[in-house]
Amino acid sequence: MAKAIKYEKDNIDTDVIIPGQYLKLHDYDEIAKHAMEGIDPNFHSKVQKGDFLVAGRNFGCGSSREHAPIALSQCGIQGVIAVSFARIFYRNAVDGGFLLPIEVDEQTYGKISDGDQIQVDTSKNEIKNLTKNQTYSMKPFSEIVSKIIAAGGLFKYKPD
């Protein structure tokens, strides 16, 4: 069980996820303290390990910085549930083994509220909202993405 931390906003870019002045940091714990600082300076204190960030369309747009999924992951976020992702953020999240980028339709996005208790089952492609006693579908991962996630990232992935 995890908490949904929702920001009803589209186009949350990498400058918001981790502002540029922190890109010189190499300590992941220090980077995590600044996750989502562009929207919510207290974000890192709201997160408990395993929580999910919920956002609208085009999450992670902007630059190709790997710091964005690193900051969220190190902060405790297990995955981001969004209507769509910028492709570079999506692949950085998967390839680095940092987070689950979970795509949902607009209707599902609208049904998940800030603070809802949820469970994500990627094997069934579903999200259970325990607070509202509802189950939603998520877009399945492609076969290769599923294998990379299962391996813990691209560097740990061994092709068949």
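Residue-wise test of (1) surrounded by 23 or more Cβ atoms within 10 Å (Cβ to Cβ); (2) modelled with pLDDT of 95 or more; (3) assigned to a loop (DSSP other than H, G, I, E, B).
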position: K49; (1), (2), (3): no, yes, yes
position: L53; (1), (2), (3): yes, yes, no
position: R57; (1), (2), (3): no, yes, yes
position: Q74; (1), (2), (3): no, yes, no
position: V80; (1), (2), (3): yes, yes, no
position: F89; (1), (2), (3): yes, yes, no
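When A68 is tested against (1) within 24 Å of G38 (Cβ to Cβ); (2) surrounded by fewer than 20 Cβ atoms within 10 Å (Cβ to Cβ), exactly one condition is not met: (2). Cβ-Cβ distances below 6 Å connect the following pairs, each with a first residue in region 35-58 that is of a type outside the set (K, R), a second residue that is loosely packed, with under 14 Cβ neighbours inside 10 Å, and a separation of six or more residues or different chains: G56/K9.
Would you point out which residue out of S84, S64 is of a type in the set (S, T, Y) and in contact with a Lys or Arg (Cβ under 8 Å, 6 or more places away or on another chain)? Please lay out each step first, then the result.
Working: S64 fails: in contact with a Lys or Arg (Cβ under 8 Å, 6 or more places away or on another chain).
Result of the check over S84, S64: S84.
Pairs are defined by a Cβ separation below 8 Å, a sequence spacing of at least 6 or placement on different chains, a first member in region 66-81 that is more than 19 Å from E103 (Cα to Cα), and a second member that is of a type in the set (D, E); the pairs so defined are Q74/D29; G76/D51. Among the conditions (1) free of Cβ contacts under 8 Å to residues at least 40 places away in the same chain; (2) under 15 Å from the mean Cα position of the chain (by Cα); (3) surrounded by fewer than 20 Cβ atoms within 10 Å (Cβ to Cβ), the only one that L99 does not satisfy is (3). Answer yes or no as to whether S113 is out of contact with any helix residue (DSSP H, G or I) (no Cβ under 7 Å at 6 or more places or on another chain) and surrounded by fewer than 20 Cβ atoms within 10 Å (Cβ to Cβ). Yes; evaluated as a whole, the condition is true for this residue.
When region 1-41 is filtered for residues that are among the hydroxyl-bearing types (S, T, Y) and in a loop (DSSP other than H, G, I, E, B), only Y7 remains.
When the test is whether a residue is within 11 Å of the chain's Cα centre (by Cα) and under 17 Å from D121 (Cα atoms), G79 passes it.
Please go through region 116-159 and give me each residue that is of a type in the set (S, T, N, Q) and in contact with a helix residue (DSSP H, G or I) (Cβ under 9 Å, 6 or more places away or on another chain), ordered by number.
In the first step, residues of region 116-159 are kept if they are of a type in the set (S, T, N, Q); the result is 117, 119, 122-123, 125, 129, 131, 133-135, 137, 142, 146.
The answer is T122, N129, Q134, S137.
The values are calculated or read from the model by the stated rules, or taken from the named source; none is laboratory data. In this text the structure is predicted, and so the values were computed from the model without any measurement. For neighbour counting, all protein chains shown are included, and Cβ atoms are generated from backbone atoms with ideal geometry for every residue, glycine included.
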